[in-house]
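Reading through the structure tokens given below for one structure.
What follows is calculated from the coordinates using simple rules that are stated; it is not laboratory data. This is a predicted model, so every value here is computed, not measured. No Cβ is skipped: glycine too gets one built from the backbone with ideal geometry, and neighbour counts run over all protein chains shown.
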Amino acid sequence: MRATVSIRLPEELKKHLDDIAKETERPRSFHVQKALETYIEDFADLRIAIDRLRDPKDEVISRKELNHIRFSKVNLPD
């Protein structure tokens, strides 16, 4: 099921959207939908990251520790 949503855009943003739609031969709604999907996924990832940072039971490690863990698992040829 699809819903219709109306938005107001600054003229410059609308021009960019029109240019992309013309270049890709896709409707503006396609690009707006894809942009919203990406934004919503990124926002969900951000919420998870913030929740993990606030959780005292979730250990935070330094970049140095992370690299040590990552590279100690790599099997380098002799």
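Considering only His68, His31, His16, the mean-square fluctuation computed in a Gaussian network model of the chain, springs between alpha carbons under 10 angstrom, is largest for His68. Sites counted here are GluC sites (Glu not before Pro) in a DSSP loop (not H, G, I, E or B) having no more than 16 other Cβ atoms within 10 Å; the longest part of the chain that contains none of them is 26-58. A simple charge model with +1 on the Cβ of Lys and Arg, -1 on the Cβ of Asp and Glu and nothing else charged puts the dipole of the chain at about 140 debye relative to its Cα centre. Inter-label distance, Lys64 to Ile40: 4.3 nm, where each label sits 7 Å from its Cα along the C-beta direction. Taking every alpha-carbon pair within the chain, the share separated by more than 17 Å comes to 69 percent.
Of Phe30, Phe43, the sequence from fewest to most neighbouring Cβ atoms within 10 angstrom is Phe43, Phe30.
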